[in-house]
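Below is one structure, written out as structure tokens; the observations come after it.
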2 protein chains.
Amino acid sequence: MATVNRQITLASRPVGFPKVSDFHLVYTPVPSPAAGEVLVRSIYLSLDPYMRGRMSDAESYARPLAIGEVMTGGAVARVVESMDPEFLPGDTVEGILGWQEYAVVPGRTLRKVDPDLAPVSTALGVLGMPGLTAYFGLLDICAPRRGETVVVSGAAGAVGMLVGQIAKIKGCRVVGMAGSDTKITWLLDELGFDAAFNYRTAADSHAKLRELCPAGIDVYFDNVGGVVTDSVIRLINAKARISVCGQISQYNLEKPERGPRWLGQLVVKQAKVQGFLVSAYAGRFPEALEHLARWLTQGKLKYREDIAQGLEAAPQAFIGMLQGANHGKQLVRLAEY
Amino acid sequence: MATVNRQITLASRPVGFPKVSDFHLVYTPVPSPAAGEVLVRSIYLSLDPYMRGRMSDAESYARPLAIGEVMTGGAVARVVESMDPEFLPGDTVEGILGWQEYAVVPGRTLRKVDPDLAPVSTALGVLGMPGLTAYFGLLDICAPRRGETVVVSGAAGAVGMLVGQIAKIKGCRVVGMAGSDTKITWLLDELGFDAAFNYRTAADSHAKLRELCPAGIDVYFDNVGGVVTDSVIRLINAKARISVCGQISQYNLEKPERGPRWLGQLVVKQAKVQGFLVSAYAGRFPEALEHLARWLTQGKLKYREDIAQGLEAAPQAFIGMLQGANHGKQLVRLAEY
């Protein structure tokens, strides 16, 4: 067994978009588990937009990372050594393991992954946090009804691609916004979106959206914010529901952006806007995972992964994801399964 | 009986704040009721911020008034002549009667007012649209719990003063924002608000609000919008609920205002913002009126009226209300009861 662990730590707080130099690759000894703990070796590391927030010291729902601390992140791993009777060496697990090759964590923080159900990487995607986020953010907050028009921003991202497909399962008309023509083609040809367009190249996003949503917009699932969201708000129908999952357009601004005020539009349309964190639904994760796994095995939920190779590739892959360079769920492969 | 009706019509669409010249006083014959209709003489006319929206031709939830059309508005009236068996001459009623001394309307659009329950003007205030708006906007959308901090903007207005008192009835800590020191004194000394401040003269509204809400803000009832609301959003607690009733700071802008984007704050705080129109709750009006009448007769709901005299005073009173010059529910007395 290896005795050296490689980790990526936060070297400096980014100003604007993170740079590779904001991260350090460090070598430390592989730790040993104490009673109740488990030593794991990570297979896939998940890269997610929320990590950008942890790199800042602004107040948020989670404490900021300290300079020199290992970057936080979910991962799928194999158990190497277990001091928790619930786990055996060789078990596949998922947990918050950080940007590192080996981790020691309390067994109670790990979730077992069934490798026979689906590829184990799905525990970080459709059968993990992104799937749960799509499920509750769409179904619980927006309760979309058959025939309604659902718009998704960041539609080709880890969460957005699932939101659109779940809305299709519920009988909605689904319109996606994404940032490249390749993504648009994929949404239309592979995922069955009813319409989609590239908001980076559209001459007038609002006009395009109006053309693609002739009956207005009943539900909006927002991953992006900024001008993309402004263009949606103007087209919402009475009693529209808006679920705010992320605001990736705003995370790397050096100066906060200002925008049109639209609370008056919420009054006129009797509309709801709700932000959420998937952690609030922890008690209902089993119910959601059951649905997601059924839809996945029935072929109703497709997904795509963008996999970087090796821990040292993580910083650049993370920066690329914040710029929309990834297509599908961004992962880093740390070891062969 | 008089044969001449006086009406106030929309003379021109205002740019920015309405001017008196945007209204016309016209003389027309008193109309006669057809089958099912009722001729009424108005006693009190209600002036409300929503009327500003009807004067514009921007798309909204209700069609814009046409140039030359009688200004819309609720009023309390006495029945003069009835062709509807449900109503007798002398009955006191409330309905959408417009800015005029006499009106003919279908009997089914009228609500009978019990003059023994409370002064009849309350049918336009605590026992009318403002009371219902406060009731549903606070209780249904925000579900305030005992001990929570509730902030109200426009706290001395027709709706705001009731929101604060209902929140007190529910055991909340209530903080009001209003635009004059006289209003603040009244909120604190007469209505029992826990704290209140004048946002027009505060050096730093956000700092003041933070001082007055040491445990953060759980519920916000917004009548004002703009920078007032910006200062609240930064202080909301996890799972905060925001009810958007009006945006009076925005109604008379010649150029739409821009402001900070704060959807990211909604995510971090898992907060909800919901716009509403009281009309959506029509099926539950009886339930609400029963509660409001009980609280009123128990002395738990106090109110204040600002009464202009005579139809010709309505335009200036309306303009004053949009500028916050009124203290309490703005009415116009058109006749003695």
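The values are calculated or read from the model by the stated rules, or taken from the named source; none is laboratory data. All values derive from a computational prediction rather than experimental measurement. With ideal geometry, Cβ positions are generated from the backbone for all residues, glycine too; neighbour counts draw on all protein chains shown.
For the range A:249-263, enumerate the residues that are among the small types (Gly, Ala, Ser) and modelled with pLDDT of 95 or more.
Of the residues in the range A:249-263, the ones among the small types (Gly, Ala, Ser) are A:249, A:259.
Result: A:Gly259, single match.
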Name the strands (runs of 3 or more DSSP E) wholly inside the range B:65-149 in which the number of residues that are within 16 Å of the chain's Cα centre (by Cα) and modelled with pLDDT of 95 or more is 2 or more. B:74-82, B:92-96
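Mind checking which residues of the range B:84-99 are in contact with a helix residue (DSSP H, G or I) (Cβ under 6 Å, 6 or more places away or on another chain), of a type outside the set (Ser, Thr, Tyr) and within 21 Å of B:Gly125 (Cα to Cα)?
Initially, the range B:84-99 is screened for residues in contact with a helix residue (DSSP H, G or I) (Cβ under 6 Å, 6 or more places away or on another chain), giving B:84, B:86-87, B:92, B:94-95, B:99.
After this cut, where a residue has to be of a type outside the set (Ser, Thr, Tyr) as well, the list is B:84, B:86-87, B:94-95, B:99.
Answer for the range B:84-99, where residues must be in contact with a helix residue (DSSP H, G or I) (Cβ under 6 Å, 6 or more places away or on another chain), of a type outside the set (Ser, Thr, Tyr) and within 21 Å of B:Gly125 (Cα to Cα): B:Glu94, B:Gly95, B:Trp99.
Going by the conditions given, is A:Tyr251 surrounded by 20 or more Cβ atoms within 10 Å (Cβ to Cβ) and among the aromatic types (Phe, Trp, Tyr)? Write out each step before concluding.
Values: surrounded by 20 or more Cβ atoms within 10 Å (Cβ to Cβ): yes; among the aromatic types (Phe, Trp, Tyr): yes.
In short, yes.
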Of all residues in the range B:249-269, which are more than 8 Å from every other protein chain (Cβ to nearest Cβ) and closer than 18 Å to A:Ala271 by Cα? B:Trp262
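Scan the range A:12-33 and tell me whether some residue there is basic (Lys, Arg) and under 26 Å from A:Gln316 (Cα atoms). Break it down into steps so the answer makes sense when it comes.
Here is the first cut: in the range A:12-33, the residues basic (Lys, Arg) are A:13, A:19.
When the remaining residues are screened for being under 26 Å from A:Gln316 (Cα atoms), the result is A:13, A:19.
Scanning the range A:12-33 turns up at least one residue that is basic (Lys, Arg) and under 26 Å from A:Gln316 (Cα atoms).
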Considering only residues that are of a type outside the set (Phe, Trp, Tyr), under 22 Å from B:Asp222 (Cβ atoms) and within 14 Å of another protein chain (Cβ to nearest Cβ), which ones fall in the range B:273-324? B:Val273, B:Gln274, B:Gly275, B:Leu277, B:Val278, B:Ser279, B:Ala280
With the requirement that a residue be more than 9 Å from every other protein chain (Cβ to nearest Cβ), on the phi < 0 side of the Ramachandran plot and either without any contact (Cβ under 8 Å) to a residue 12 or more places away in the chain or small (Gly, Ala, Ser) (or both), what does the range B:213-248 give you? B:Pro214, B:Ala215, B:Ser231, B:Ala240, B:Ser243
